[in-house]
Structures are given as C-alpha cells and as structure tokens.
1. Please work out if Leu28 is among the hydrophobic types (A, V, I, L, M, F, W, C) and either surrounded by fewer than 20 Cβ atoms within 10 Å (Cβ to Cβ) or not in a strand (DSSP E or B) (or both).
2. Can you tell me which residue is farthest from Leu238 (Cα to Cα) among those in region 180-221 that are aliphatic (A, V, I, L, M) and assigned to a strand (DSSP E or B)?
3. Taking the conditions exactly as written (among the β-branched types (Val, Ile, Thr) and within 24 Å of Ile208 (Cα to Cα)), does Ile326 satisfy them or not?
4. Where residues in region 194-246 are of a type in the set (S, T, N, Q) and over 25 Å from Leu130 (Cα atoms), which of them is nearest to the chain's Cα centre (by Cα)?
5. Here are the criteria: (1) over 30 Å from Val336 (Cβ atoms); (2) buried (at least 24 other Cβ atoms within 10 Å of the Cβ). Tell me which single one Ala271 does not satisfy.
6. Scanning region 279-329 for residues that are within 17 Å of Glu62 (Cα to Cα) and basic (Lys, Arg), which turns out surrounded by the most Cβ atoms within 10 Å (Cβ to Cβ)?
7. Considering only residues of region 122-136 that are small (Gly, Ala, Ser) and assigned to a loop (DSSP other than H, G, I, E, B), which is surrounded by the fewest Cβ atoms within 10 Å (Cβ to Cβ)?
8. Tell me, which strands (runs of 3 or more DSSP E) lie completely within region 45-102 with 1 or more residues that are in contact with a Pro (Cβ under 8 Å, 6 or more places away or on another chain) and either in the same structural domain as Ala154 (by TED's automatic domain parsing) or surrounded by 19 or more Cβ atoms within 10 Å (Cβ to Cβ) (or both)?
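The values are calculated or read from the model by the stated rules, or taken from the named source; none is laboratory data. None of the values given here were measured: they were computed from a predicted structure. Cβ placement follows ideal geometry from the backbone for every residue including glycine, while neighbour counts extend to all protein chains displayed.
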Amino acid sequence: MWIEQRIWTTQDGWSQQEKPSGAASLVLYFAAPGAMPPQTLLDELRRRHGEAAIVGCTTGGEISGNEVLDDSIVTAAIGFDTATVRAAARDLADASESYRIGEELARELAGSDLRAIFLLSDGTAVNGDLLVTGCLAAVSPEVVVTGGLAGDGARFQSTAVGCDDAMRPGRVAAIGLYGDSLSIGHGSFGGWDEFGPPRTITRAEGHILYELDGEPALDLYKRYLGDEAQDLPGSALLFPLSIRPSAGVEGSEVVRTIVGIDEAAKSMTFAGDMPTGYLARLMRGNFDNLVDGAGKAAEAAASVRPNCLAILVSCIGRKLLMGQRIAEEVEIVSDVLGKDAALIGFYSYGEISPHGFTGKCELHNQTMTITTISEH
C-alpha cells in the first residue's frame, strides 16, 4: 500500500511530488468551496491518476498532515497491493430520500469481502440519521461504516460531493473497501460539556425540532444564547444539544448541531433526527476537553499497522470555537498515530462513525471522527 498526498493553494498551486510509479486505487479530495471549478479539479486528478475511483467533497476547512488549512484542496491517492475499491453515488432531492439512498448505495457495494463503507454526503439536504440507518440495513454487522457530511464553511448554503464526476449539490457518494488484507480502525469523541437542565423533546418531525418541554424550541434556545442569538444559525455551532432516550444510560448520548432555523414556525433543523420523547441538554465547548477528545478518537482508531491512511472528519463547530488553537486537535491525533500515519481530512456538517460507548454506527455532530485504513 502506498499513499501520495498533495495540497493546492491559490498562491502556490499544486505541491510538487514525483508521480507514483504504481496505479492508484482510490483518490480522496477535500476542497474549500469555490477554490477551483469542480470540472477542472476532476480533470487534474483524472490526468494524474487514470482510472482510480475519485471521490471528494466541499468543506469547512481542510486537513493535511498536522496542518489545518483554509481555501485549499487536499488530496490523498492510495495504491493497494491486493485490496480493491468500488465507488457508487446517488442524487438526493430532499431529506426524505435519505434512507432509500443509504440502502441503495450499500446494496450496490455489497460483496462477501466488503470490509468497510466510507460515506460522503451533501451536508444541507440530507437527514444523516436516515442515511446511516438505510446503509446499515443493507450490510452485515461486520462491515465498518464511517464518513461525513460535506461543509460550506459556516454559511450552510450549498455543499457538494463528487464521485467520478464533478462535484455538485445534492450528491451522496459511498466508497466500498474490499479484501482480507485490509485493517480498518475507527474512533469518535467530542469533549463538550453539558449545562442546564435536561428537557424533553415534546414535538419533533424527523430532524426538525418544534418544542422542548411544551415550549417553542427556538424561543427557549434564544434565551440561552442571549446576544449570540442574533447570529443564528451560525452561532448555534458553539452551543449544540446532546440527546439520549429518556431511559438511556449515561454515555449513550449523541450530539446534534443546528443547520437551520425557521422563525415563523419557531423551529430548528438539525443534521440528524430529534426523536420525540428523548431528553436534550445544551452543551458548550472546553478547549482542553476538545483536544483531549481528539486524542481519544485517535487512540480508538489506531491501526495495528504503522503505515496507514487516517481520514479525519471533524465538526465545523469545533473549528469555530477553537479558532487559532484548532491545529492542536490535529497535532494530538498525529502524535497518537505516529509519524508513519498519513493524515487527510476536513471540517464537516456531521460525522459518521460507530458510537464510542454503544458501538452502534450513528451520525454525530461536534466530534473528531477518525477512520484508519492499512494493508498487510
């Protein structure tokens, strides 16, 4: 297995590296919105890597090595020795199609030697919970499912995904990884602190939350935010909600981030489901805990092989909160995984990974999620 990484910036163009002698099996790319015309980017990667599967998305920031970048494009080309790759994609008209598309993609990639599926989805038009649930319904429990939702900085206007074609909105891509030679690791942790009383979700439809404890959800949320409320929905990235079943044990929580608000309906739209009857609590960030959470994710994902590709999907909310300290979470991942790990990733609108406590694959928000891929 070999890995070639490159970076493109407006100032310097493509970083210069000798072209690999072998054929790439897969090319991953993560691109700042508007950094380069999508067809131009695809043509460049196709010219360099021939018939490889080429899959990528827009971001809220890019990761390469132990650097966090903006307004750039980062790529990783992977050549496997014996493992194989297949990619599939579907177009998504609206969130109601999420389950069906997840199931269809998983069925298309099904195979006796399927080891893992890595999903990349449009980040604003999807219900990430339903996408994951549909995918899981069509694969065996042994298949590792991870991935993330494309980003658009803190704008939440338009995200794009490409799968052997030019990136475009409303796209969902899935990468299937096959073969007994593969070792797949995964880890996902947050580091946010809960505050305030738990409140019951008394009215919700899918990923739209209307009421908490019988009160309009947006009104209650604005009271907590105070002056920050004028910057909604962007400021909501700094104050996510944790949710769990009312009878759920401590540690089973998942985090949900707002991706839109409706002033008329006094509702909030989230990246994943907000089930009626669940308990919800507000959260806020702690710098040291966020960095520590990234380190725990790396420890969980650490590959048994030293030479691995580590795909980091971290939430845009973490980046906005940590500001110039954001590189610390990538640096701790690099320290844990070691110098032989090649790191690539992006800041997302949602992360897909098995839960660190329950083991069930879910959509997460506000986490650092890591997938490691190695071959022996």
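1. For Leu28, the condition - among the hydrophobic types (A, V, I, L, M, F, W, C) and either surrounded by fewer than 20 Cβ atoms within 10 Å (Cβ to Cβ) or not in a strand (DSSP E or B) (or both) - is not met.
2. Here the answer is Leu182.
3. Answer is no for this residue.
4. Residues of region 194-246 of a type in the set (S, T, N, Q): 200, 202, 230, 235, 242, 246.
Restricting the remaining residues to those that are over 25 Å from Leu130 (Cα atoms) gives 230, 235.
Numbers: Gln230: 27, Ser235: 20 Å.
By that ranking, first place goes to Ser235.
5. (1)
6. Applying the filter and picking the extreme gives Arg318.
7. To start, the set of residues in region 122-136 that are small (Gly, Ala, Ser) comprises 123, 125, 128, 134.
Cutting the leftovers down to assigned to a loop (DSSP other than H, G, I, E, B) gives us 123, 125.
Working: Gly123: 28, Ala125: 20.
The qualifying residue surrounded by the fewest Cβ atoms within 10 Å (Cβ to Cβ) is Ala125.
8. 53-58, 72-79
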